[in-house]
1. Among the residues of the stretch 154-165, count how many are outside any loop (DSSP other than H, G, I, E, B), of a type outside the set (Asp, Glu) and touching a residue at least 60 places away in the same chain (Cβ under 8 Å).
2. In the stretch 81-107, what residues are under 10 Å from the mean Cα position of the chain (by Cα) and in a strand (DSSP E or B)?
3. Quick check on this structure: which one of Thr67, Thr58, Thr78 is β-branched (Val, Ile, Thr), in a loop (DSSP other than H, G, I, E, B) and under 15 Å from the mean Cα position of the chain (by Cα)?
4. Cβ-Cβ below 9 Å, separation at least six or inter-chain, first residue in the stretch 124-153 and within 9 Å of Tyr112 (Cβ to Cβ) and within 14 Å of the ligand (Cβ to nearest atom), second hydroxyl-bearing (Ser, Thr, Tyr) and in a helix (DSSP H, G or I): which pairs?
5. Going by what's in this entry, would Pro166 be described as within 14 Å of the ligand (Cβ to nearest atom), in contact with a helix residue (DSSP H, G or I) (Cβ under 6 Å, 6 or more places away or on another chain) and of a type outside the set (Gly, Ala, Ser)?
6. Which of the following residues is within 12 Å of the ligand (Cβ to nearest atom) and either within 25 Å of Tyr72 (Cβ to Cβ) or touching a helix residue (DSSP H, G or I) at 6+ places or on another chain (Cβ under 7 Å) (or both): Val108, Val93, Val183?
Amino acid sequence: MNAHWQGIGFTSQRTRERLIQRLRTMGIHDERVLAAMLHVPRHTFVDEALASRAYEDTALPIGHNQTISQPYIVARMTEALLAGRPLCRVLEVGSGSGYQTAILAALVDEVYSVERIEPLLRLARRRLQDLGYRNFRFQLSDGGWGWAEHGPYDGILVTAAATELPEALCGQLAPQARLVIPVGYGEQQQLQLITNTEDGYQREVLETVNFVPLVRDEH
Ligand code: SAH
C-alpha cells in the first residue's frame with residue numbers, strides 16, 4: 001500500500017474496516033468478497049468532492065445521471081456470483097465508475113465490462129490501470145447484447161435494471177454459470193439470480209433493489 005492510503009481521516013484503514021464490519025452485520029460472509037472490498041479504494045472511483053462519503057454504505061452520483069452502487073449491493077451481487085461455479089471469465093454490464101469491475105478484477109482471472117456512456121468508460125479504464133489491474137477489458141456498447149466474442153462466461157453481473165431478462169445474456173452463460181441481474185421498473189426491482197442448469201434457466205429472487213435503468217439501443 002502506498003502512503004496515500006495510510007493517512008487518517010475519511011480514507012483511513014479504520015474507516016474502511018468499519019464499512020466491512022457493517023457488511024458483515026448485514027449478512028455478507030464470503031471472506032474473499034470482504035477482503036476485496038477492504039482492499040479496493042472506493043474513494044478513487046468517485047469525484048473528489050464526494051470522497052469523504054466513499055466508505056458510507058450508500059450509492060453516490062458519478063455524473064451522466066448514473067450512480068456508483070451501494071457497497072452492500074456490490075458485495076451481495078459479487079457473493080452470489082462467487083457461490084456458483086469457479087469464476088475464470090466474468091462479464092459485467094454497466095461499468096459506470098469501474099468500482100464493481102475492480103472488485104471483480106481482484107477476484108477472478110478475466111473481467112469483461114460493457115458500458116454505453118463513453119466518458120464513464122474512459123474514466124473507469126484509467127482508474128483500473130492506475131490501480132495496477134491488467135486482467136480487464138472494456139467495450140463501448142449496449143450490454144443487453146452481452147459481449148459474445150469472449151463468451152461463454154462463468155458469471156455475468158448486470159448493474160442496471162432490465163425491464164425483462166435479456167435473452168442474449170442467458171445465451172452467453174457457460175453450463176452452471178450464474179447471471180445476477182436487477183429486473184423490473186422504477187422502484188419495483190428484484191435482484192434475480194439465474195442459473196444455467198441442464199433443465200433450463202433456474203430463477204431465484206435475492207432481494208428488492210433500486211438500480212438505474214438498463215438503456216437499450218434501438219436496432
Ligand atoms: N457497476 C457500476 C454501476 C454503475 S450504474 C459502478 O459500480 O459504478 C449502471 C451503469 O450501467 C451506468 O454507467 C449506465 O450508463 C450503464 N448502462 C445502462 N444501460 C446500459 C447498457 N444497455 N449497456 C451498457 N451499460 C449500460
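No value in this document is a laboratory result; all are computed from the given coordinates. What you are looking at is a predicted structure, and each value in this text was computed from that prediction instead of being measured. Ideal geometry is used to build each Cβ from the backbone, glycine not excepted, and the neighbour counts take in all protein chains shown.
1. Narrowing the stretch 154-165 to residues outside any loop (DSSP other than H, G, I, E, B): 154-158, 161-162.
If we keep only those that are of a type outside the set (Asp, Glu) as well, we get 155-158, 161-162.
Going one step further and asking which of them are touching a residue at least 60 places away in the same chain (Cβ under 8 Å), we end up with 155-158.
So the answer is 4.
2. Leu91, Glu92, Val93
3. That would be Thr58, the only listed residue that is β-branched (Val, Ile, Thr), in a loop (DSSP other than H, G, I, E, B) and under 15 Å from the mean Cα position of the chain (by Cα).
4. Here the result reads Phe136/Thr101; Phe138/Thr101, each pair linking the stretch 124-153 to a residue that is hydroxyl-bearing (Ser, Thr, Tyr) and in a helix (DSSP H, G or I).
5. Criteria met by Pro166.
6. Answer to the selection: Val93.
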